[in-house]
1. Would you confirm, using the coordinates I've provided, whether THR54 is in contact (Cβ under 8 Å) with a residue 24 or more places away in the chain and surrounded by fewer than 20 Cβ atoms within 10 Å (Cβ to Cβ)?
2. Considering only segment 34-43, I want to know if a residue exists there that is within 20 Å of ALA231 (Cα to Cα) and open to solvent by 30 Å² or more (accessible area, probe 1.4 Å).
3. Do the conditions hold for TRP145, that is, is it free of Cβ contacts under 8 Å to residues at least 12 places away in the same chain and farther than 30 Å from HIS26 by Cβ?
4. Which numbered condition trips up ASP178, out of (1) touching a helix residue (DSSP H, G or I) at 6+ places or on another chain (Cβ under 7 Å); (2) modelled with pLDDT of 95 or more; (3) not small (Gly, Ala, Ser)?
5. Can we say HIS363 is within 25 Å of PHE275 (Cβ to Cβ), over 28 Å from the mean Cα position of the chain (by Cα) and touching a residue at least 24 places away in the same chain (Cβ under 8 Å)?
6. Restricting to segment 169-205, name every residue that is touching a residue at least 60 places away in the same chain (Cβ under 8 Å), open to solvent by less than 20 Å² (accessible area, probe 1.4 Å) and over 22 Å from GLY118 (Cβ atoms).
7. Given the conditions (1) surrounded by fewer than 23 Cβ atoms within 10 Å (Cβ to Cβ); (2) at pLDDT 95 or above, report the number of the one that GLY230 does not fulfil.
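The values are calculated or read from the model by the stated rules, or taken from the named source; none is laboratory data. Note that the structure is predicted; figures quoted are calculated from it, not measured. When we count neighbours, we look across all protein chains shown, and the Cβ atoms used for this are built from the backbone with ideal geometry, even at glycine. Keep in mind that these areas ignore ligands, DNA and RNA; they rest on the heavy atoms of the full protein, side chains included. Shrake-Rupley method; radii C 1.70, N 1.55, O 1.52, S 1.80 Å.
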Amino acid sequence: MSAAPHLNAPLVLTHFTAPLAQTPFHPRTEAANRLQGWAPWAGYMTATCFGDSTMEHTAIRNAATLYDISPMVKYRITGPDAVVYLNRLTLRDVGRLAVGQVHYTAWCDDLGKVMDDGTVFRLGPDDFRLCCQERHLPWLLDSAWGLEVRLRDETEDLAALALQGPVSATVLAQAGFDIQALKPFRLATFPFLTGEVMISRTGFTGDLGYELWIGPDLALPLWDHLMQAGALYGLMPVGSEAVMLARLEAGFITTGMDFVPVQHAVREDRARSPFEIGLDWMIAWDKGHFTGRRALMAERDDKSSKWALVGLDIPGNVSAEGAILYFDKRREAGFITAACWSPTLKRNIAIAQVEARHASCDHLWVEIYALRELQYQKLMLPVTKTARPFFAPNAAVPPHRGGSDAA
């Protein structure tokens, strides 16, 4: 055990000299980032755009792309009570998750308000990985009370890449990874140099895609290997701007953008339940107790949800980002959380939160301020409710499987 620092010793603060950490792929992403556009993500620097976000989005939909997802928060959960623990913590039934399978889930506080969403990987009978946007270690530790389970933040122990696009399977095959048998939401491990890489058929773009997980020491060799294998297929790195556009087309929601995590909500009415953000489908009511169950059962039985999350079509081509929705042009009824003119769909689309009584979106109008030659022009446009995902391509199936995939 090392000696404790002397209480009177001057405290030297150096954290401000490097306020954001660099991912294991930073030497490659920095070299490729012609605009040097960066943004913070969970304490790390992440590229927003490497040169042209429009071309990067086009590559997601027509070729293959690499996106550094190393900042994603990753927790390892092991022990004989790991299944019981995750069933207490999250909404879905982890007991139904097979070894080598992944599922999307969310978790709530005691009042049934959503804290975060993420993915659970079952790596072994009693071995799981939980990936999410926010850091939750205190909550995860509290939730483990009385259970024989071990938790570890392994965010810094793993580098990760999202390889997305209709030819991503071809790139992996060219790189020597046999992923032909890999179905959606499944994972497999392959040898790579002195270690191994885990590949899961998961992603955040709605297109065919995979995520690759590897130790930091092999991150740069993996990046170089993939870029070389994908050179003939148009593989390019992409930033968060292109990925956020693709995720909106796919209708996926994002923590902190489409809903406020309850632990971050300063105003009491900002927190949302799974019913209010379209995640109620994942609640496994028959698995027994889980955190928030009593409150969610009451909300279900009383039909007391106050909000609904909807997809919208909007006339024209001016993005409605952040716009307010009105009922009959007079009374506020909701707001847009994400919006874009979709290059893929050639439609103006949006995700919105509306008051539950307006969930049908009948007689709803959106107020947009369009910049016209340095002056804003107010547009009041009718909206139409539409199903999510906005975009679900057939290309999400690898070419060799001919549409025979089933999760």
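1. Values: in contact (Cβ under 8 Å) with a residue 24 or more places away in the chain: yes; surrounded by fewer than 20 Cβ atoms within 10 Å (Cβ to Cβ): yes.
Yes.
2. Yes, the conditions are met somewhere in segment 34-43.
3. yes
4. Tallying (1) touching a helix residue (DSSP H, G or I) at 6+ places or on another chain (Cβ under 7 Å); (2) modelled with pLDDT of 95 or more; (3) not small (Gly, Ala, Ser), ASP178 fails exactly one: (1).
5. Values: within 25 Å of PHE275 (Cβ to Cβ): yes; over 28 Å from the mean Cα position of the chain (by Cα): yes; touching a residue at least 24 places away in the same chain (Cβ under 8 Å): yes.
Spelling it out, HIS363 is indeed within 25 Å of PHE275 (Cβ to Cβ), over 28 Å from the mean Cα position of the chain (by Cα) and touching a residue at least 24 places away in the same chain (Cβ under 8 Å).
6. Within segment 169-205, ALA169, VAL171, ILE179 meet the criteria.
7. GLY230 satisfies all of (1) surrounded by fewer than 23 Cβ atoms within 10 Å (Cβ to Cβ); (2) at pLDDT 95 or above except (1).
This table checks each residue for (1) touching a strand residue (DSSP E or B) at 6+ places or on another chain (Cβ under 6 Å); (2) open to solvent by 10 Å² or more (accessible area, probe 1.4 Å); (3) of a type in the set (Lys, Arg); (4) on the phi > 0 side of the Ramachandran plot.
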site: ILE69; (1), (2), (3), (4): yes, no, no, no
site: VAL73; (1), (2), (3), (4): yes, no, no, no
site: GLN101; (1), (2), (3), (4): yes, yes, no, no
site: TYR104; (1), (2), (3), (4): yes, yes, no, no
site: PRO125; (1), (2), (3), (4): no, yes, no, no
site: LEU130; (1), (2), (3), (4): yes, no, no, no
site: PRO138; (1), (2), (3), (4): no, yes, no, no
